[in-house]
Amino acid sequence: MLPISEFARAGNVTVRALRFYDELGLLSPAHVVPENGYRRYSPAQFTQLNEIQAFKDMGFSLQEIRELLERRLAPQELRAVLEARREVQRKPVRDDAGRLERIEARLNSIYAGGPQSHPTIMLRRTPGQLVVSLREKLQNYGQVDQLFATLERRVDPRVLYDQRGAIFHRCLEGDGEIDCEAVRFLKHPVAAITGLKIYESQRACVAFTYHYGSEDSICTTYQSMTGWIAAQGYQLSAAKREIYWPAPENQGETSSLTEIQFPVARLRGVARSAQQKAS
C-alpha cells in the first residue's frame with residue numbers, strides 16, 4: 001500500500017485532488033487506517049486514476065466521469081459517448097475558425113482600401129416569414145415601386161408590417177429581363193388573394209449588409225458583397241433580395257435604409273485557398 005502523498009506523486013496529481021476524488025466517490029482509497037484516518041492506495045488503482053485523468057482531458061466534468069465509471073460501459077457504448085463528446089468539442093473549434101475567417105476578411109478589405117471603402121458584411125440565418133408577393137418581369141428598376149403599388153392595392157394595410165422586400169430572380173435591364181418579386185411581410189395568415197402569392201419564406205444562410213442612401217450608390221455596395229462572398233469561399237444559393245426600411249419622417253431618400261441579402265452556400269475546399277491568396 002502507498003500513502004496518499006506517494007500515490008499522488010507517482011500519479012502526477014495533487015494530494016488535494018485525491019481527497020476531492022474520494023469525497024465525490026470517484027476514487028476511494030483501498031484502505032483507511034482506523035486509528036488516524038490516513039489513506040492508503042493500491043498500485044492497481046493507478047489504472048483508475050489514469051482513466052479519470054483521460055476523461056478530464058477530453059472535457060468531461062467530474063460528475064460526468066463518475067457516472068461513466070459507474071456504468072462500466074462496453075466498448076460500443078463508450079464509442080457512442082466519445083463520438084457525442086467529439087461533436088461538443090468541435091463546435092467551438094468551428095466557431096473560432098469562422099471568427100478567424102471574418103477577421104481575415106475584414107483585414108483584407110482594410111488593406112485593399114481602408115475601412116470606409118467597404119461595408120460591414122456578415123453571415124446570419126434568416127427565419128421563415130409569412131409573406132404576400134407579386135412577381136412580374138420589368139423593363140427597369142424604376143418599375144419596382146409600381147409593382148409594390150399594385151401589390152399593396154390588393155392587401156389590407158392593417159395586416160402588413162412596415163418594411164418591404166424585393167426578390168430579384170433575374171437582374172438584367174432591358175427587354176423584360178428584370179424578374180422581380182415584390183414582397184410584403186404579413187402579421188398573420190390571410191385568405192387567398194387573386195393574383196397574389198401567400199407563403200412562408202424559406203429559412204436561409206445569408207450574407208448581408210446595410211446600404212444607406214439612394215439607389216444611385218448601391219452598385220458599389222453590391223460589388224463589395226460579391227467580392228466578399230467569393231473571397232470567403234461561398235456561392236450564391238438563391239435569388240438575391242433587398243429589404244427596405246422606411247426612412248424617418250421629414251427626411252429624404254438619402255436617409256433610407258436597404259438591407260441587402262445574398263443567400264449563400266459554402267464551396268468545398270475553396271475558402272481556405274481563397275483566404276491564403278488574399279493574405
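The values are calculated or read from the model by the stated rules, or taken from the named source; none is laboratory data. Note that the structure is a prediction, hence the values are computed from the model and not measured. All Cβ positions, even for glycine, are placed from backbone atoms using ideal geometry, and neighbour counts span all protein chains on display. Keep in mind that these areas ignore ligands, DNA and RNA; they rest on the heavy atoms of the full protein, side chains included. Shrake-Rupley method; radii C 1.70, N 1.55, O 1.52, S 1.80 Å.
Taken over segment 172-203, the criterion of being of a type in the set (A, V, I, L, M) and either out of contact with any Ser or Thr (no Cβ under 7 Å at 6 or more places or on another chain) or open to solvent by 20 Å² or more (accessible area, probe 1.4 Å) (or both) is satisfied by Leu172, Ile178, Leu186, Val190, Ala191, Ala192, Ile193, Leu196, Ile198. Mind listing just one residue for me: the one in segment 43-88 that is in contact with a Lys or Arg (Cβ under 8 Å, 6 or more places away or on another chain) and assigned to a helix (DSSP H, G or I) and, of those, farthest from Met1 (Cα to Cα)? Step by step, filter segment 43-88, then rank; the result is Glu77.
For His169, indicate whether it is open to solvent by 30 Å² or more (accessible area, probe 1.4 Å), in contact (Cβ under 8 Å) with a residue 40 or more places away in the chain and touching a Cys at 6+ places or on another chain (Cβ under 8 Å). Yes.
The condition of being at pLDDT below 90, among the small types (Gly, Ala, Ser) and either closer than 21 Å to Glu136 by Cα or surrounded by 13 or more Cβ atoms within 10 Å (Cβ to Cβ) (or both) holds for only one of Ser273, Ser224, that being Ser224. The set of residues in segment 121-149 that are among the hydroxyl-bearing types (Ser, Thr, Tyr), part of a strand (DSSP E or B) and closer than 29 Å to Gly227 by Cβ contains only Thr126. Scan segment 10-41 for residues that are within 29 Å of Arg79 (Cα to Cα) and of a type in the set (S, T, N, Q) and the total you get is 2. Among the residues of segment 10-32, those identified as of a type outside the set (Ser, Thr, Tyr), open to solvent by 60 Å² or more (accessible area, probe 1.4 Å) and over 21 Å from Arg71 (Cα atoms) are Ala10, Asn12, Arg16, Arg19, His31, Val32.
Among (1) open to solvent by less than 40 Å² (accessible area, probe 1.4 Å); (2) modelled with pLDDT of 85 or more, which single condition is Asn108 missing? Evaluating Asn108 over (1) open to solvent by less than 40 Å² (accessible area, probe 1.4 Å); (2) modelled with pLDDT of 85 or more leaves (2) as the failure. For segment 90-102, taking the residues that are surrounded by 11 or more Cβ atoms within 10 Å (Cβ to Cβ) and not basic (Lys, Arg), the one that is nearest to Met58 (Cα to Cα) is identified as Ala97. Only one entry in Glu181, Glu152 is over 30 Å from Glu104 (Cα atoms), assigned to a helix (DSSP H, G or I) and at pLDDT 90 or above, namely Glu152.
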